[in-house]
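Report on one structure; see the data block that follows.
Only the coordinates and a few stated rules stand behind these numbers; no lab work does. Keep in mind that this is a model prediction, so the values were computed, not measured. Quick reminder, even Gly has a Cβ in these numbers, built from the backbone with ideal geometry, and neighbours come from all protein chains shown.
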Amino acid sequence: MALARAKDSERTLTITLAAGKGVIIDAARTYTFDEAFNPITKAAPEQKVGVYVTTRNDGDTDYIWVTVKDKDTGAIIKTTNNIPADAEVFLDKGKEWGYQINWFLMPAKTWNLLVEAGHGR
């Protein structure tokens, strides 16, 4: 005759979800540039400009993402080839990532860009 199973003890285990932390590095390493790759703060309407963003993962190993948006509309800006300024990379803790995206056409107004960085997919 088999005996019924009886629980004598139990233990709960918890695994905390690791999370990265995408941090945008100082202004000297996050900037806009012209076709000669010179950093700029002014551009003529229809002039081609690019954006370079340096981020660091200050959290656990994770996907770190960067987006560049038109701050006035909230829309992610797109290149002349219709590629959104939105990318991600799998990055170890403490590592840096330089994200460069070319080319955008300067609108006929002051362009307020918002660079965002974060983690996760």
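Which value results when the Cα radius of gyration for the chain is divided by 2.2 N^0.38 Å?
The value comes to 1.64.
What is the chain's relative contact order, in percent, from Cα pairs under 8 angstrom and six or more apart in sequence?
Once divided by the residue count of the chain, the mean separation gives 31 percent.
Suppose R0 equals 35 Å; then what is the FRET efficiency for T12 and K95 from their Cβ-Cβ distance, rounded to the nearest 0.05?
Efficiency for this residue pair is about 0.55.
Stretched out fully, how many nm does the piece from E46 to R29 gain, at 0.36 nm a residue minus the Cα gap?
3.7 nm
Under 22 Å between alpha carbons, and skipping anything fewer than 8 positions from K78 in its own chain: which lysines qualify?
Within the straight-line cut-off, K78 pairs with K42, K48, K69, K109.
Using the Cα atoms as the points, what is the convex hull volume per residue of the stretch 1-51 in Å³?
Once divided by residue count, the hull of the stretch 1-51 is 192 Å³.
Using the Karplus curve 6.51 cos²θ - 1.76 cosθ + 1.60 with θ = phi - 60°, what ³J(HN,Hα) values do you get for each residue of the stretch 76-93, in whole Hz, with x for Gly and Pro?
Listing the rounded values in order: 5, 6, 10, 6, 5, 9, 6, 9, x, 7, 8, 8, 9, 8, 7, 10, 5, 4 Hz.
Under unit Cβ charges (Lys, Arg +1; Asp, Glu -1), what dipole magnitude, rounded to 20 debye, does the stretch 22-119 have relative to its Cα centre?
Here the size comes out at about 280 debye.
Across the stretch 58-75, in residue order, what do the Karplus-derived ³J(HN,Hα) couplings come to in whole Hz, using 6.51 cos²θ - 1.76 cosθ + 1.60 with θ = phi - 60° and x for Gly and Pro?
For the stretch 58-75, the Karplus-derived couplings read 8, x, 7, 3, 6, 6, 10, 10, 9, 10, 10, 10, 6, 4, 6, 9, x, 7 Hz, x marking Gly and Pro.
If you plug each phi of the stretch 3-19 into the Karplus form 6.51 cos²θ - 1.76 cosθ + 1.60 with θ = phi - 60°, what whole-Hz ³J(HN,Hα) values come out, in order, with x for Gly and Pro?
Here the 3J(HN,Hα) series is 8, 6, 5, 10, 6, 9, 7, 8, 8, 9, 10, 10, 10, 7, 5, 6, 9 Hz.
Taking 25 Å as R0, compute the FRET efficiency from the Cβ-Cβ separation of K109 and A87 and round it to 0.05.
The computed FRET efficiency comes out at 0.45.
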